[in-house]
Amino acid sequence: MPILHLQMHPGRTDDQKRAFAREATKAAVETLACPPESLEILITEIAKDSWAVGGKLKSEA
């Protein structure tokens, strides 16, 4: 059972997330030769004040 985990900042619509899930599933089924029902996709939204790059919070950029 493949599991894809997408982490991103909040702000995408449900339609965008739905489209991502649909297209990522298509790609995984084609490349991993797995049935679509076996693929799980986890979308985690992480606030910019909880995400740092280069020692600096993204909320400070």
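Take every DSSP beta bridge whose two residues both sit in the chain; close to 25 percent of them are antiparallel.
With the simple model of a label 7 Å out from the Cα in the direction of the Cβ, Ser38 to Asp14 spans 3.0 nm.
Within straight-line reach of Lys26, meaning a Cα separation under 20 Å, sit the following lysines at least 8 residues removed in sequence or on another chain: Lys17. Can you tell me the orientation of helix 14-32 relative to the chain, as the angle in degrees between its alpha-carbon axis and the longest Cα principal axis, to the nearest 10? Once rounded, the angle reads 50 degrees. Annotation: amide H of Leu4 within the under-5 Å range of Glu40, Ile41, Leu42, sequence separation 5 or more or interchain, hydrogens built in the peptide plane. The calculated 222 nm mean residue ellipticity attributable to helices in the chain amounts to -10500 deg cm²/dmol, summing -39500 (n - 2.57) over DSSP H runs of n ≥ 4 and dividing by all residues. Taking the average, over residues, of other Cβ atoms within 10 Å as the packing measure, peptides 52-61, 31-40 rank 31-40, 52-61 from highest down. Normalised by residue count, the chain yields a Cα convex hull volume of 99 Å³ per residue.
Quick note: the coordinates plus some simple rules give every number you see, no bench work behind them. Note that the coordinates shown come from a computational prediction; the quantities given were computed from them, not determined experimentally. Using ideal geometry, Cβ is built from the backbone for each residue, glycine included, and neighbour counts are taken over all protein chains shown.
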